[in-house]
Ligand SMILES: Cc1ccc(-n2nc(C(C)(C)C)cc2NC(=O)NCCN2CCOCC2)cc1
């Protein structure tokens, strides 16, 4: 990576833009959050390359650069994989201590691709595209898990897909980290109106498990795989506001309705989970008639796709298939084989679907001011609620 913590803030040319920015043509804002703003830019010397520039601005009473940004830099600078978002530059503008992260820009994401097929073209995603998207997602995830990184918030909007250009149709796993805002421990998530999607959350987390393991990401991949097949979220519970990590009976109910009740012989460690004990009468009291995953995803139980999906949606996290095992599954050895460009079907003549490009807001200029939440003093670095934003780097203690 050409990471450079260049501090040169001598500005020349257009306005008060720091020199490092001169290499880019800025198009406009493509994202906004409590962390900062994200702008789309093109590299002047290679206009086919688009860059996403994430701008953190130091809060007024802050003491240096935001710890969240530091965490993101420290993690991403170590990462180098085709199917994971790439941090290409880091800059600090010493004039106002604003920090800029430059990423390879991805035009699409799975949330928008699924919505486009459901609401616009009203047709299912072709099997080659589904298999290629899934293979690349598992490939990137296998790399992260092999490096002791658990994503913890995999969902369609965090799975990017490159648009036109030499990486067309390549999947990049990202983490916009919107929901895990670095808040004071007691501040409920809903205070800043951020709604957390828990539709992809593994049952062990919903039942209060304390440690994230890589298996939580594989559950999310199962939910995403089913959603690529049906264009509908598999376990669509209520949108959750309020204090982070409340007991989510409604979400568990959605899971049990499809997969049936977990049992002790299926999941021996289930009884040790906090909420299972505390709320056993609420959960166990309900009866679930014969559920059936195959009827929800319209796959025959003999179809390798169904076999792989059911292994991703295994209740017991220790029995759940790993990314490495999934990549070896029969599903990826049968026609159509997965490819690097997931957006171009292999059969000539098959209708290629063109996805809309991300809207760019050209009214906000790059100096746009943003209001960051006050950053935490160092002492309470490990905020309890909602946890630290971004992925979880596993220590040797938590068994994957
Ligand atoms: C505190 C913290 C927050 C996020 C991360 N993080 N982690 C990841 C992994 C490696 C797990 C996929 C990616 C990111 N950051 C972004 O994706 N950032 C978004 C990059 N986007 C910006 C818009 O354009 C596309 C790339 C780490 C730590």
### Message
Starting from the 7 Å offset along Cα-to-Cβ, what nm value, one decimal, do you get for the label separation of residue 357 and residue 300?
### Response
4.5 nm
### Summary
Here the tail fraction of P(r) beyond 17 Å, over all Cα-Cα pairs of the range 13-132, rounds in percent to 65 percent
### Query
In cubic angstrom, how much convex hull volume per residue do the alpha carbon atoms of the range 323-367 span?
146 Å³
### Query
Ranking 265, 330 by Cβ neighbours within 10 Å, fewest first, what do you get?
265, 330
### Task
Please quote Rg/Rh for the range 81-128 to two decimal places, taking the Kirkwood radius as Rh and restricting both calculations to Cα atoms.
1.25
### Query
What spacing in nm lies between the two simple spin-label points modelled at residue 271 and residue 166, each 7 Å away from Cα in the Cβ direction?
5.9 nm
### Task
Could you line up 35, 294 from fewest to most neighbouring Cβ atoms inside 10 Å?
294, 35
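FYI, it's all coordinate maths here, none of it is from the lab. Fair warning: this is a prediction, and the values are worked out from it, not measured in the lab. Every residue, glycine as well, gets a Cβ built from its backbone with ideal geometry; the counts of neighbours run over all protein chains shown.
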